[in-house]
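Below: one structure, written as structure tokens.
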Amino acid sequence: MEFLIIGAGIGGLATALALRQQGQGVQVCEAAPALREIGAGVVLGANAMRALDHLGVHAVVRTAGYPVTRVALLDERGHVLNDIDTRPFTERIGYDNLAILRADLQRVLLAELPAGTVQLGKVLTRFESAEGRVTAHFADGSTATAEALVAADGIRSRVRQQLLPAAQPRYAGYTCWRGVIEAASLGLEPGRSTEAWGPAGRFGVVPLGNGQVYWFACINSAPPQNPTYRAFRLADLQRHFAGFHAPIPQLLSLTTDEQVLWGDIIDLPPLPRFCFGQVLLLGDAAHATTPNMGQGAGQAVEDAAMLARCLQEAPDVEQAFRLFDARRRPRTTRIVNQSWQLGKVAQLSNPALVWLRNAVMRRLPAAVNARQMAFLYAD
């Protein structure tokens, strides 16, 4: 079959790879004039690494990243609220959690595709279906036609806007800064990812190896695109998080303004369906989630592996798309909803509620963590 994929992010490239491995014809159309992944670091859960193994790229991705073996939640002074050794869970299924730069993950996936698979500068304006074919129209006046269209064009998907115009991204109520820096001088524990939760905000630290560290900082903001926070510079972040435990002030002191990315946190409320005849929504176009569970990129990779499986099992593409919808939508809906709620809890600012949250987190039974891991790592 011939597939047209809109979008060359993580989901689009992983899907192109999965389909090509089945012998399908694939064309990827990307709006950007150059492939430059926006973002800093990402954690791929063991579930995503298993999906990458199904796509045949686990080993090369594993080489480009750094295992995460502990996940700790702390208060702003560094006192432990919850500390999880993930190895008993990951060893059971045979895959690590992996921290990796988004750009490196994209580079690995792109390298596995033949030259010419991805066409750049193709801004979708609309698509139409007729006589068993789907035709995409682009702003440069060109068109592309295939037997099926997969929309992997992100949270602001133009394909989804045509199909479900009422389905719009929602603002989570907090904004975020991210950076990747050289921090070998701090001697951070390899494999231990931490998040500090305080009334003033939240600060996460993910060692990437080779002395590199990915950090993120979240602050509540009632209006989206808050001009105050848009104008924030590194010195403002340093003042805001000055009372947080080491090594947070030290990480910020090693960062420059040019290394910082800023943006509001948004997601996509769960959709009623992903499939529309010969058209399928996938990745962030279908189920964009807040980053609180570290599952955004991983769920897009899972989508790619599941779509390949559905195409093997179903007699035609429309049935395969319906099977994909039935299998993926319940899982991604649960992740979107849980991540949204976790973000609300993490971003509490009322001192009394923060104290109560921290007390509950310290007493959280190990069985709760085990159930959550079992769900995330489910095949």
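Quick notes on this structure:
- Helical mean residue ellipticity (222 nm; -39500 (n - 2.57) per DSSP H run of 4+; nearest 500) of the chain: -11000 deg cm²/dmol
- Normalising the average separation of contacting C-alpha pairs (under 8 angstrom, six or more residues apart) by the number of residues puts the relative contact order of region 67-130 at 25 percent.
- The length gained on full extension between Trp355 and Arg170, counted as 0.36 nm times the residue separation minus their Cα-Cα distance, comes to 63.8 nm.
- From the alpha carbon centroid of region 317-379 to that of region 80-116 is 19 Å.
- Relative contact order of region 294-374, defined on C-alpha pairs under 8 angstrom at six or more residues apart (%): 18 percent
- When the chain is described by a simple charge dipole with +1 on each Lys and Arg Cβ and -1 on each Asp and Glu Cβ, the residue from Ala314, Leu164, Val279 located farthest towards its positive end is Leu164.
- Across the chain, Cα pairs under 8 Å and at least six residues apart give a relative contact order of 22 percent.
- FRET efficiency estimate (nearest 0.05) - Cβ-Cβ, Gln22 to Thr63, R0 25 angstrom: 0.50
- Surrounding net charge for Leu188, when Lys and Arg each add one and Asp and Glu each subtract one, Cβ distance under 13 Å: 0
- Taking each residue as 0.36 nm, the span from Leu186 to Ser253 lengthens on full extension beyond its C-alpha to C-alpha distance by 23.0 nm.
- FRET efficiency, 1/(1 + (r/R0)^6) with R0 41 Å, evaluated for Leu35 and Val368 via beta carbons: 0.50
- Cut-off under 5 Å, modelled amide H: who pairs with Tyr174 long-range: Ser221, Ile265
- The per residue volume of the convex hull around the alpha-carbon atoms of region 11-69 is 100 Å³.
- D_trans [Stokes-Einstein, Kirkwood Rh over alpha-carbon pairs] for region 108-264, 20 °C, 1.002 mPa s, µm² s⁻¹: 111 µm²/s
- Applied to region 44-51, the Karplus parametrisation 6.51 cos²θ - 1.76 cosθ + 1.60 on θ = phi - 60° returns per-residue 3J(HN,Hα) values of 9, x, 4, 5, 5, 5, 5, 5 Hz, with x for Gly and Pro.
- Rounded to 5, the percent of DSSP beta bridges in the chain classed as antiparallel: 70 percent
- Ellipsoid equivalent to the chain - semi-axes via the Cα gyration tensor, in Å: 36, 22, 20
- Sequentially through region 15-22, phi angles give Karplus couplings (6.51, -1.76, 1.60; θ = phi - 60°) of 5, 4, 5, 4, 6, 5, 5, 8 Hz, Gly and Pro residues having no value and appearing as x.
Only the coordinates and a few stated rules stand behind these numbers; no lab work does. Just so we're clear, the structure is a prediction, and the values are computed from it rather than from any experiment. Reconstructed Cβ throughout: ideal geometry from the backbone, glycine too, with neighbour counts over all protein chains shown.
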